[in-house]
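The values are calculated or read from the model by the stated rules, or taken from the named source; none is laboratory data. This one's a predicted model, so the numbers in the text were calculated from it and none came from an experiment. Methodologically, a virtual Cβ is constructed for each residue, glycine included, from the backbone with ideal geometry; neighbour enumeration extends over all protein chains shown. Accessible surface is based on the protein model in full, side chains and every heavy atom, while ligands, DNA and RNA are left aside. Shrake-Rupley method; radii C 1.70, N 1.55, O 1.52, S 1.80 Å.
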Amino acid sequence: MMSEGSSFLKGMILGGIFCLVMSFFVTFNSGTQSDAHEHLHHHLKPVSKDELQKLSQDQKADYALMVRVYCLIMVTPKLLVHWAVANDTWSKHCDKPVFYTSESSKALEAIDLQEQDEWARLRKAIKHAYGNAGDLRWFFVARPTTFAIIENLKYLVLDKDPSQPFYIGHTEKSGELEYVEYDSGIVLSYEAMRRLVEIFKDEDKCPERGRALWKMPEEKQLATCLKYSAVFAENGEDAQGKGLFNKKSVSSLISDSMSQNPSDVVEACCSDMAITFAGMSQSQIQVLMYGVYRLRPYGHDFHDSLTFLPPKDSDND
């Protein structure tokens, strides 16, 4: 006959398994009420060159001035070197670059959120950015190990209406949940941010402290909250369908392409209009900054229809 102690122990184990299964079910089936909403632009592409050519010079100038980006760069003192490099390189091309940190640092300026939990810190950063955006209507969330070409981001969203809910980047799928991968950067429109800030108030749908038995990555928690708000992940692509947000570094992508497509390494590697590269070392970021913004073939004209001017008083490249 089974002893009472043994029965109790087995009951505890079965109960734990049941809770785990239920937690898994809740995590990956969250937001099912929003699934009924039609999603019309899952693969998001920039305006075509032909469409741009139809615009007058005044219209092009207006477009270029309207698209302005608030960059939320999430840092910690442990990433101080990356923080410093991001501060000195690509972030200068944001119309408003703001660094958000888990704790203050005397070396570099940032908003000290005094929060160690990454999801809670990201929520606080989003609420701060939304409340301090002024007339900026596009938001870019990134880690300091990401390199971003902000002008290409502006080109992607040029003809998109920020009063519509956009949530853009490199999409991944986990169960029924589609989300934008954090390391390659996350783009949010003003309307998506508004809905996020509103759903943050609902602890049942979007808790600040996760209820699952395991810790869910903040990128999935963000997607879950957005899904409840009827905002769905968009995969940013160029006209040929190549991804614009890369979850690997340039060197890793080229290495992969050399082994998989040795006859056409560059074409198979990356989009000409790539927006981000992830997992970059500080030296790789500096080299890429040189290649993207400083190295120029004398006399060569790229024939771009638009010019995105740097932020006022910026000392960017």
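Using heavy atoms of the protein chains and a probe of 1.4 Å, the accessible area assigned to Ser174 is about 20 Å². Compared with the direct C-alpha span, the chain from Asp135 to Asp202 gains 21.4 nm at full extension, assuming 0.36 nm per residue. Loop-resident chymotrypsin sites (Phe, Trp or Tyr not before Pro) (DSSP state other than H, G, I, E or B) in the stretch 117-156 with no more than 14 further Cβ atoms inside 10 Å of their Cβ are absent. Between Leu309 and His42, the simple label model (points 7 Å from Cα in the Cβ direction) yields a spacing of 4.1 nm. Spin-label pair Asp62-Lys78: with each label point 7 Å from Cα along the Cα-Cβ axis, the two points sit 4.9 nm from one another.
Restriction of the chymotrypsin sites (Phe, Trp or Tyr not before Pro) in the stretch 197-261 to DSSP coil positions whose beta-carbon has at most 15 other beta-carbons within 10 angstrom yields Trp214. Measuring r between the beta carbons of Lys54 and Arg209 and using R0 = 45 Å, the FRET efficiency lands at 0.30.
Extension gain, Asp161 to Gln240, is 26.2 nm, computed as 0.36 nm per intervening residue step minus the present C-alpha separation.
Computed with every protein chain present, the accessible area of Asp161 is close to 70 Å² [probe 1.4 Å].
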